[in-house]
Every structure is written in structure tokens, then in C-alpha cells.
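Each value in this text was obtained by applying a stated rule to the coordinates, not by laboratory testing. Source: prediction; values computed, not measured. Note that each Cβ is placed from the backbone with ideal geometry, even for glycine, and that neighbours are counted across all protein chains shown.
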Amino acid sequence: MSGLVLSKGSVAKRRHADRIFYLLCLASTLVGVVLLATLLIAVYQQGAKWLTLKFLTSFPSRFPAEAGIKSALYGSVWNILLTAAFALPIGIGAAIYLEEYPKRGRLSSFIEVNIANLAGVPSIVYGILGLAIFVRTMMLGRSVLAGALTMALLILPVIIISAREAIRAVPSSIRMAAFALGATRWQTIWSHVLPSALPGILTGVILSLSRAIGETAPLIMIGAFAYVAFVPAGPMDKFTVLPIQIYNWASRPQEDFRALAAAGIIVLLAVLLSMNAAAVVIRQRFQRFRP
């Protein structure tokens, strides 16, 4: 009887602990959601009245009423497209090589540890690296190309790590079945492994590109301009991006420029949400047809 009583007490304690854990998790989630909602509401209230078509189609100006974000918006699009063009093939290719081809040994372990360490390096360090290699050694100047190569270096470790995890999660039975039917390793990877791993790879890619489009420090380090009154026409043109333009406006003492910075933040968030939405749609389509 006493054993039964202790057992009931133990069950009650476990249920109580489970309830406390649930409430802690709920509180943690609510704190994040409330803080994010508060931030978004404050930014929207401050910058909504400046968010007009003229704001999107005008160049920066020293007069707040005439200032716009056109050059920064075009610069961000140029920068993120070139960054993706450099980082995605290299990152996914490196992940395929590390997961599918090499034998486990000291070299592969050394590479894995260094890639993991590079993912935690502060972004300003990549800016110094980009300044030394792309701007000065390769003499690309303060161009969109130099900025994109720097940002590609920044996000490469994250793309490699996420792509490797997605490829590793593909069941080995899929590979064995392809080999049993006479497929080569390349055919197995292209026709079976990559389609199965694509949703996970896309998740890592969109997180990486979202980080790249919001970064400021590496681009300031390589000398990206805060005031550009033209749209980049090619990869070798000078440029600015949305985060640098927002930082420039937010650092000014006039209240109107701070409101312009809030409007710029809304545009940046809209671009980020659009990218995330596109990635979610693509990922769901591939998950639907996943073998």
C-alpha cells in the first residue's frame, strides 16, 4: 500500500515538473514573439509615413523629404545575386565532396573542424580578409564584385555545414539501391541524393543569404559607400546596400532621417520575408515530390 502511495506521489511530482517545463518553454516563446512584435510595431509606426513610391524610386539626398533608397535597394539585389552565384555552387559542391567522396581520416577531420570554426568567426574578420584579397591584391576596388566575394566567404561555412547535414540525413538504402541497379556515384548523387537532400539544403541556403543581406561590417570594411546617387550597372561599379544606408540615416541627429531609417528597415524586412517565402514554397514543392 505504501509503495502504491509513493508511486502516486512520484507520478504527481513528474506531472508537476512536466507542467513547469511546459510553462517555461511557453514563456520563452512568448518573450521572443512579444519582443519581435514590439520591435516591428515601433519600426512601422516610425517609418510607415515615409514608405512611399517616391522613397523607393529616389536616390539619397541631404534633404529628408527628397531622400530615397533606390541605389541601396539595387545594390543589395546585385550583391545578394552575385553572392549566391559564387557561394552556392562552391558550398554545395564542397558538402557533396566531404560527405560522398573522401575516406574518413585526419585530413577530412581537419577540414571539418576548420569549417566549423570558420562558421563562428566574426563578420568583421571576413571584411579584413576581403579588403586584403579582393580589394587590394586582386585590385577589384570597392566594387559590387568585391563585396559579393567577401559575403560569399562569410556564408560559405554555413552553407557547407547545413548542406552536409542534409546530405547525411539521406538514408543509405537509397544509395545502395542506386548502386545495385548499376548507377555510378555521380548518377546516384544527382538523381537520388540531391533531390532528397534539397529541402534541407535550401533551408541552410536561405538562412545564409538572409545573413548576407543584413550584414554591414564586412562591406564597411572593404569600403562600400554610404552615399551613392546612381544604380550599379555592372559588377565592377561602386555600390551601397540597404544596411549601410539605414546605418547612415540612423546615425544622423535629425529626427526625419531616423524615420527614414525605420522606413529602410521595413523595406529590408520585406526583402528578407520575400526571400524566405520563396524558399519555403520551393522547399515544400520538393518535399511533395520527395522519393
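Only one residue of A169, G264, L209 has its Cα farthest out toward the positive end of the dipole of the chain, where Lys and Arg carry +1 and Asp and Glu -1 on Cβ, and that residue is A169. At an R0 of 51 angstrom, the distance between the Cβ atoms of Y247 and S7 translates into a FRET efficiency of 0.25.
If R0 equals 30 Å, the separation of the Cβ atoms of L24 and E112 corresponds to a calculated FRET efficiency of about 0.30.
Calculated on the Cα set of the chain, radius of gyration then Dmax: 24.3, 85 Å.
Among the trypsin sites (Lys or Arg not before Pro) within region 1-84, those in coil by DSSP and having at most 13 neighbouring Cβ atoms inside 10 Å are R62.
Show that you can apply the helix-only estimate: for the chain, add -39,500 (n - 2.57) for every DSSP H stretch of four or more residues, divide by all residues, and state [θ] at 222 nm to the nearest 500. Roughly -24500 deg cm²/dmol at 222 nm, from the helical runs in the chain. Taking 0.36 nm per residue of separation and subtracting the Cα-Cα distance, full extension of the segment from A17 to M139 would add 37.7 nm. In this simple spin-label model, placing a label point 7 Å from the Cα along the Cα-to-Cβ direction at both W186 and Y44 gives a separation of 5.2 nm.
Treating only the Cβ of Lys, Arg, Asp and Glu as charged (+1, +1, -1, -1), what charge dipole size does the chain show about its Cα centre? Round to the nearest 20 debye.
Working: 26 positive and 10 negative charges, 167 e Å.
The calculation lands at about 800 debye.
Listed by chain and number, the lysines whose alpha-carbon sits under 27 Å from that of K70, ignoring those within fewer than 8 places in the same chain, are K49, K54, K238.
Take the alpha carbon atoms of region 134-150, find their center, do the same for region 14-93, and report the distance between the two centers in whole angstrom. Each part reduced to its Cα centre gives a spacing of 26 Å.
For a Förster distance of 30 Å, can you work out the FRET efficiency between the beta-carbons of A270 and A85, rounded to the nearest 0.05?
Rounded to the nearest 0.05, the efficiency is 0.85.
Here the simple spin-label model places points 7 Å from the Cα toward Cβ, and for D256 and V34 these points are separated by 3.8 nm.
At full extension, K54 and A169 could sit 36.6 nm farther apart than now, given 0.36 nm per residue minus the alpha carbon distance.
GNM on the chain, C-alpha springs below 10 Å: top fluctuator among V125, V228, V34? Per the Cα network of the chain with a 10 Å cutoff, V34 tops the list. Using a cutoff of 8 angstrom between alpha carbon atoms and counting only pairs six or more residues apart, the relative contact order for region 1-92 works out to 12 percent. Using a Gaussian network model of the chain whose springs link C-alpha atoms within less than 10 Å, name the residue from T29, T83, T137 with the highest mean-square fluctuation. Greatest mean-square fluctuation among the candidates belongs to T29.
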